[in-house]
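The values are calculated or read from the model by the stated rules, or taken from the named source; none is laboratory data. No experiment lies behind these values; they were computed from the predicted model shown. Neighbour counts run over all protein chains shown; Cβ positions are idealised from the backbone, glycine included.
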Amino acid sequence: MKLPQHKTDKSACRWREPVQRGFTLIELITVMAIILVLATIASVHYRNAVVRSREAVLKTDLKVMNNAIQDYTRDKEAAPQSLDDLVSGQYLGAIPSDPITGAKDWVTVNCDTLLDPDQTITGICSVHSASDAVSPFENTPYSTW
């Protein structure tokens, strides 16, 4: 004897909620907005760090070159006529590029003071950046450093 088979209605067995597969559009937009805000904040901090590092290099280069000018003047009892004199006299290995302008376009300041009564030629007293830009952190032109 054959037992009767019960036919079950599949729609009647759906007592569970369907499993969600994937993300909704709102969730995706929210995540993208958060990532965009974080990327914007990071890029601003990165730009500020680059400017600060260029300013630090500028200050260091100016200090080294001005010290080399003073050493040259003391040793030779005459100020250098150009920055190339510092390289040829081995007070500098090479003339550095201005980190703000990216070129070797330093502005030299000639002095009128003579160290010795026999000295007849004046020369360079100091060096400055050729950039007209203003430091966003110190609010002073780079050319005054």
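Contact map, segment 52-73: residues that are surrounded by 15 or more Cβ atoms within 10 Å (Cβ to Cβ) paired with residues that are polar (S, T, N, Q), Cβ distance under 8 Å, separation 6+ or inter-chain. Pairs shown: GLU55/SER135; LEU58/SER129; LEU62/SER129; ASN66/SER126; ILE69/SER126.
Could you tell me whether segment 46-53 includes any residue that is among the hydrophobic types (A, V, I, L, M, F, W, C), out of contact with any Gly (no Cβ under 6 Å at 6 or more places or on another chain) and closer than 17 Å to TRP145 by Cα? Yes; the residues of segment 46-53 include at least one that is among the hydrophobic types (A, V, I, L, M, F, W, C), out of contact with any Gly (no Cβ under 6 Å at 6 or more places or on another chain) and closer than 17 Å to TRP145 by Cα. Would you check if VAL57 is part of a helix (DSSP H, G or I), under 19 Å from THR140 (Cβ atoms) and of a type outside the set (S, T, N, Q)? It is true that VAL57 is part of a helix (DSSP H, G or I), under 19 Å from THR140 (Cβ atoms) and of a type outside the set (S, T, N, Q). Of all residues in segment 76-86, none are among the basic types (Lys, Arg) and modelled with pLDDT of 95 or more.
Here VAL109 meets each of (1) part of a strand (DSSP E or B); (2) touching a residue at least 40 places away in the same chain (Cβ under 8 Å) with one exception, condition (2). Report whether or not THR101 is at negative phi, surrounded by 12 or more Cβ atoms within 10 Å (Cβ to Cβ) and part of a strand (DSSP E or B). No: the conditions fail for THR101. Filtering segment 16-30 to residues that are at pLDDT below 85 and of a type in the set (Val, Ile, Thr) leaves only VAL19.
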